[in-house]
Amino acid sequence: MTVWRPPQQIRVKVIGLAWRQDRLLAAEVEDDGGRIKGIRPLGGSIEFGETREQALQREFREELETAIRIVGPWHLLENIFEHHGATGHEYIFAADVELADESLYERDEIRYSELDETAATARWFGRDMLRDAGIDLYPTGLENVLSRWRD
């Protein structure tokens, strides 16, 4: 198991909000013991010289081997968080996306590898599933911009 700690610098990231009806595609986030403590939509860091659009396209190609189409407006979130005693700080651009590989919408579980070869699992999560299981949605504040999850 890989032990992850946030880098001690501000990072700029992108995440794609892929939907299957009212279910959001998100990767499981585990604590050091392997317990699922939350979920986070797929995406990653913006590299130097890369636009947010290019970064989001690249991340989905790397993680799910699919192209995407950005179909919604961009939202900007600031996330200052603590993970096992280490503080992280990131700015995250989020936008609704459509997956070019339509077969991904039919799969309940999508296993993939991060660039560092860490195994990861993504699933389609409904708002009720998070509440019932006591699982958090990351980054903090994301739920406020999810129009499909508003009451």
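Quick one: in segment 94-108, of everything that is part of a strand (DSSP E or B) and open to solvent by less than 70 Å² (accessible area, probe 1.4 Å), which residue is farthest from ASN79 (Cα to Cα)?
Among them, the one singled out is LEU99.
Against the condition touching a strand residue (DSSP E or B) at 6+ places or on another chain (Cβ under 9 Å), of a type in the set (Ser, Thr, Tyr) and at pLDDT below 95, how does TYR105 come out, does it pass? Spell out how you get there, then give the answer.
Values: touching a strand residue (DSSP E or B) at 6+ places or on another chain (Cβ under 9 Å): yes; of a type in the set (Ser, Thr, Tyr): yes; at pLDDT below 95: no.
For TYR105, the condition - touching a strand residue (DSSP E or B) at 6+ places or on another chain (Cβ under 9 Å), of a type in the set (Ser, Thr, Tyr) and at pLDDT below 95 - is not met.
Output the number of the condition that VAL71 fails; it satisfies all remaining conditions of (1) open to solvent by 60 Å² or more (accessible area, probe 1.4 Å); (2) over 20 Å from TRP19 (Cβ atoms).
In the conditions (1) open to solvent by 60 Å² or more (accessible area, probe 1.4 Å); (2) over 20 Å from TRP19 (Cβ atoms), VAL71 misses (2) alone.
Of the conditions (1) in contact with a helix residue (DSSP H, G or I) (Cβ under 9 Å, 6 or more places away or on another chain); (2) over 18 Å from ARG11 (Cβ atoms); (3) not hydroxyl-bearing (Ser, Thr, Tyr), ASP108 satisfies every one except a single condition; which number is it?
(1)
Please indicate, with yes or no, whether at least one residue in segment 109-122 is over 14 Å from the mean Cα position of the chain (by Cα) and surrounded by 13 or more Cβ atoms within 10 Å (Cβ to Cβ).
No, every residue in segment 109-122 fails to be over 14 Å from the mean Cα position of the chain (by Cα) and surrounded by 13 or more Cβ atoms within 10 Å (Cβ to Cβ).
Checking ALA86 against (1) open to solvent by less than 40 Å² (accessible area, probe 1.4 Å); (2) within 16 Å of the chain's Cα centre (by Cα), which single condition isn't satisfied?
So ALA86 meets the others, but not (2).
Conditions first: (1) farther than 13 Å from LEU24 by Cβ; (2) in contact with an Asp or Glu (Cβ under 7 Å, 6 or more places away or on another chain); (3) modelled with pLDDT of 95 or more. TRP124 passes all but one, so which condition is the exception?
(1)
The values are calculated or read from the model by the stated rules, or taken from the named source; none is laboratory data. Remember, it's a predicted structure, so these values are computed and weren't measured experimentally. Neighbour counts are summed over all protein chains in view; Cβ atoms, including those assigned to glycine, are modelled from backbone coordinates with ideal geometry. To get the accessible areas, we keep the full protein, side chains included, count just its heavy atoms, and leave off ligands, DNA and RNA. Shrake-Rupley method; radii C 1.70, N 1.55, O 1.52, S 1.80 Å.
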